[in-house]
Amino acid sequence: MGLFPWQRVLALIGATFVIALPDSYDSHWSAKDIIIRDVCVIGGGSSGTYAAIRLRDMNQSVVVVERKDRLGGHTETYTDPGTQAKLDIGVRIFHNTDLVKNYFARFNVPLITADLQAPGESKYVDLRTGAVVTNFSPGDPTAALGAYAGELAKYPYLDAGFDLPDPVPADLLLPFSDFATKHRLEAGVGLIFRFGEGIGDMLRLPTLYAMKLVGLRVLQSIQTGFLTTARHDNSELYEKAQAVLGADNALLLNSHIISTQRDTNDGYVRVVVATPSGQKLIKAKKILLTIPTTLDSLDHFDLDGSERSVFKQFNPNGFYTGILRNTGIPDNTTIINTGVDTPFNVPFLPGVYSIDPTGVPGLHGVIYGSPNLIPGERVKDDIIAAIQRLRTAGTLPTTKPEFAVFSSHSPFMLTVPSNAIAGGFYRQLYALQGHRHTFYTGANFHTHDSSMLWQFTEALLPRIVA
Ligand SMILES: Cc1cc2nc3c(=O)[nH]c(=O)nc-3n(C[C@H](O)[C@H](O)[C@H](O)COP(=O)(O)OP(=O)(O)OC[C@H]3O[C@@H](n4cnc5c(N)ncnc54)[C@H](O)[C@@H]3O)c2cc1C
């Protein structure tokens, strides 16, 4: 089934106006290519998978449209062919909450307390030169984290989403470096930065984003322990969810949206999807969008003026991970990128955050961040060059490693500047919830934290099924 000519024209001109579907629209489709559901979930990562499973519990019929060949999104697990060891290269840890424990238990995926202690030796190296940063020690962050927790406690609403008061408190709008200096948090910034990896240029971003990513819940879990899967295979949760949804004909993998029509007369939105078995027409009462809502990602959606004016403000950043083979770095050594001359000694970005032992001989994990999107090939070259600088600086006898696996998790954080936040950006974003039969969950509606996204999604579900 091809696109109708008028759909092609609308796609080309990026139409922002709405039209009612002609009554004859569906008759162009054969019955076997029409999927009728209560909810069409777009994106089968952390939030989309959770939502689909829970909507089924609520007797809703669902279909999940996922562009990859698997569920899980940023949850990715590498299997070492030599040892069969499982290594999570994306999401690793969860909060110890009843919701998390019940979710994993229903799929019979056992959890344990995560061990976040780096084994062996940590070297603090400025990877721009490869040289050890002499006289650097991370110091004791306890008092600073206590002061940070006190500040976080002033904004309890951040735990549930972006329901910000008007006016937005001035401290939330300060660049995080100014906020940290103002509240004497210097000794805690390194640790907050490490737990906020992926955010990009945390120091220059509004404090709101640091507080959303490294909030009270995270500080509590640092004290009491995070959970991880006992088999060190977080993807198992998604494989099991995939089996349940697949058996229910509720999954369209390797699929992408061709067009949507959300202003219709019969209470059903239309979503045209390209799938491996041809194009399908989904007729659903509601859409739940869980993908990053940038204009690029929503290219094929029939956005109206209010949606477009909000989503166009998001700035995406880049986040990349991989596993390296044969770096020449000892198996029990961690390299923490440390700026010799940067504020709070945070790593200079774009650049490596850290190179970490994996527990598998000859394999190190690597995490890389960038304030803006950069091509994966450039990131890989930059990582290899950084490792070779360890040798030229005389720090470690490194060799030229290969990537066992590399993954771009970009776009990652979607942020807007302080003036947009102060001007009510998040009120406008949240006003879109339910607009044109479309609901939203996922990281840019709350935060990059799977456990907290499941909680956010859980709170949204009653509105979707109402
Ligand atoms: C390296 C890394 C480590 C992390 N570690 C942790 C951690 O330890 N603990 C934690 O809680 N959180 C962690 N996070 C953050 C957390 O995983 C993410 O915030 C979470 O996955 C976000 O969920 P989401 O549903 O918004 O997006 P995703 O999980 O990314 O899901 C979005 C899905 O939509 C799909 N998609 C995108 N565009 C389209 C489209 N046009 N059509 C169809 N499908 C589409 C994607 O393929 C993806 O499957 C980590 C993230 C990364 C990248």
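The values are calculated or read from the model by the stated rules, or taken from the named source; none is laboratory data. Source: prediction; values computed, not measured. Note that we place each Cβ from the backbone using ideal geometry, even for glycine, and neighbour counts take in every protein chain shown. Calculation scope for accessible area: heavy atoms of the full protein, side chains included, ligands and nucleic acids excluded. Shrake-Rupley method; radii C 1.70, N 1.55, O 1.52, S 1.80 Å.
Quick one: in segment 22-50, of everything that is closer than 17 Å to ILE257 by Cβ and among the hydrophobic types (A, V, I, L, M, F, W, C), which residue is nearest to the chain's Cα centre (by Cα)?
If we take residues in segment 22-50 being closer than 17 Å to ILE257 by Cβ and among the hydrophobic types (A, V, I, L, M, F, W, C), then ILE42 is nearest to the chain's Cα centre (by Cα).
In segment 202-250, which residues are within 20 Å of GLY48 (Cα to Cα), open to solvent by less than 10 Å² (accessible area, probe 1.4 Å), modelled with pLDDT of 95 or more and aliphatic (A, V, I, L, M)?
Within segment 202-250, LEU237, ALA241, LEU245 qualify.
Name the single residue that is surrounded by the most Cβ atoms within 10 Å (Cβ to Cβ) among those in segment 95-112 being assigned to a helix (DSSP H, G or I), hydrophobic (A, V, I, L, M, F, W, C) and more than 12 Å from the ligand (Cβ to nearest atom).
Looking at the filtered set, the residue picked out is PHE104.
Please identify the pairs in which a residue from segment 33-48 that is open to solvent by less than 10 Å² (accessible area, probe 1.4 Å) has its Cβ atom under 8 Å from the Cβ atom of a residue that is hydroxyl-bearing (Ser, Thr, Tyr) and more than 15 Å from the ligand (Cβ to nearest atom), counting only partners at least 6 apart or on another chain.
Here the result reads VAL39/SER61, each pair linking segment 33-48 to a residue that is hydroxyl-bearing (Ser, Thr, Tyr) and more than 15 Å from the ligand (Cβ to nearest atom).
Step by step: first the residues of segment 354-385, then only those that are β-branched (Val, Ile, Thr) and in a helix (DSSP H, G or I), then the one that is farthest from VAL125 (Cα to Cα). Which residue is that?
Going through the qualifying residues, I end up with VAL379.
Mind checking whether some residue in segment 227-245 is touching a His at 6+ places or on another chain (Cβ under 8 Å), within 12 Å of the ligand (Cβ to nearest atom) and not in a helix (DSSP H, G or I)?
Our first condition is that a residue be touching a His at 6+ places or on another chain (Cβ under 8 Å); within segment 227-245, this holds for 227.
Restricting the remaining residues to those that are within 12 Å of the ligand (Cβ to nearest atom) gives 227.
From what is left, the residues that are not in a helix (DSSP H, G or I) are 227.
The answer is yes, given that some residue of segment 227-245 is touching a His at 6+ places or on another chain (Cβ under 8 Å), within 12 Å of the ligand (Cβ to nearest atom) and not in a helix (DSSP H, G or I).
When only residues in segment 121-153 that are touching a Leu at 6+ places or on another chain (Cβ under 9 Å) and assigned to a loop (DSSP other than H, G, I, E, B) count, which is modelled with the lowest pLDDT?
Among them, the one singled out is PRO138.
Quick grid of which residues meet (1) more than 16 Å from the ligand (Cβ to nearest atom); (2) surrounded by fewer than 18 Cβ atoms within 10 Å (Cβ to Cβ); (3) of a type in the set (Asp, Glu):
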position: LEU390; (1), (2), (3): yes, no, no
position: THR395; (1), (2), (3): yes, no, no
position: THR398; (1), (2), (3): yes, no, no
position: SER407; (1), (2), (3): no, yes, no
position: SER410; (1), (2), (3): no, no, no
position: LEU414; (1), (2), (3): no, no, no
position: ASN419; (1), (2), (3): yes, yes, no
position: GLY423; (1), (2), (3): yes, yes, no
position: ARG427; (1), (2), (3): yes, yes, no
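Determine if segment 80-94 includes at least one residue that is within 19 Å of VAL360 (Cβ to Cβ), within 12 Å of the ligand (Cβ to nearest atom) and either surrounded by fewer than 16 Cβ atoms within 10 Å (Cβ to Cβ) or among the small types (Gly, Ala, Ser) (or both).
Yes, some residue in segment 80-94 is within 19 Å of VAL360 (Cβ to Cβ), within 12 Å of the ligand (Cβ to nearest atom) and either surrounded by fewer than 16 Cβ atoms within 10 Å (Cβ to Cβ) or among the small types (Gly, Ala, Ser) (or both).
Looking at segment 386-441 only, could you name the residues that are under 29 Å from THR83 (Cβ atoms) and not in a loop (DSSP other than H, G, I, E, B)?
Within segment 386-441, ALA386, ILE387, GLN388, LEU390, ARG391, GLU402, PHE403, ALA404, VAL405, PHE406, SER407, SER408 meet the criteria.
Do we have any residue at all in segment 428-442 that's touching a His at 6+ places or on another chain (Cβ under 9 Å) and closer than 16 Å to VAL91 by Cβ?
no
Among the residues of segment 132-156, write down those that are farther than 24 Å from VAL218 by Cα, open to solvent by 40 Å² or more (accessible area, probe 1.4 Å) and not hydroxyl-bearing (Ser, Thr, Tyr).
Across segment 132-156, the qualifying residues are VAL132, ASN135, PHE136.
What number goes with the only condition from (1) at positive phi; (2) of a type outside the set (Asp, Glu); (3) surrounded by 19 or more Cβ atoms within 10 Å (Cβ to Cβ) that GLY434 does not pass?
Among (1) at positive phi; (2) of a type outside the set (Asp, Glu); (3) surrounded by 19 or more Cβ atoms within 10 Å (Cβ to Cβ), GLY434 violates only (3).
Got a sec? Which of ILE291, ILE282 is in contact with a Lys or Arg (Cβ under 8 Å, 6 or more places away or on another chain) and in the same structural domain as GLU66 (by TED's automatic domain parsing)?
ILE282
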